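Notes follow once the structure below has been shown.
Only the coordinates and a few stated rules stand behind these numbers; no lab work does. Everything numeric in this text was worked out from a predicted model, so none of it was measured. Here the Cβ is made from the backbone with ideal geometry for all residues, glycine too, and neighbour counts use every protein chain on show.
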Amino acid sequence: MRTVDIFCGCGGLSLGFQNAGFDLVAAFDFWSPAIEVYQDNFQHPIFNQDLSDNKACEIIAQFNPDVIIGGPPCQDFSSAGKRDESLGRANLTLSFANIISNVKPSWFVIENVERIAKSHVITTALDVFRNSGYGLTSVILNASYCGVPQARKRYFLIGQLDGEDDYLSLYLTKKTVEEANDDF
């Protein structure tokens, strides 16, 4: 599946999706140090693009993605941060939702910190996704159950165009439990 990573950072999601067999065709971020690292580790193009700019939708759409993945900035939600959604970065989650609603990939995946699930911003983003025709599945996973050497909870939101809400919930819960049991 043709995949575009937005808010790609240094490429953690890109690497996982690439290793799973997805065809990463482009990536986008607006932070030069991350872009430099990304360029050193991937062959597909990465673009220095302000993703809050409406032009981003047009540029991303040119890649005709089946899947858009990304991790909008988490600092305004993070327990290590100020947890203040008014600082501006939280609105980039809404930029992600705007891109999805305009480009209309078959699937999207957002990864973020656990605390985003309690934010006003995600509530608004969920409305944007649903109004754009996406069925949504969200889950909070402990990364230590997925091979990461630290206890770190991450929020995942998966959207399927014309899908049903919670379509993947049973699989994600079952899979997580199986992986956790395998670790003991």
Distant-in-sequence amide H partners of Val113 (H built 1.01 Å from N, under 5 Å):
Tyr155
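I'd like the FRET efficiency for Tyr167 and Glu36, computed as 1/(1 + (r/R0)^6) with the beta carbon distance as r and R0 of 45 Å, rounded to 0.05.
About 0.75, to the nearest 0.05.
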Using the basic label-point model (7 angstrom from Cα toward the beta carbon), what is the Gln62 to Arg152 distance in nanometres?
3.3 nm
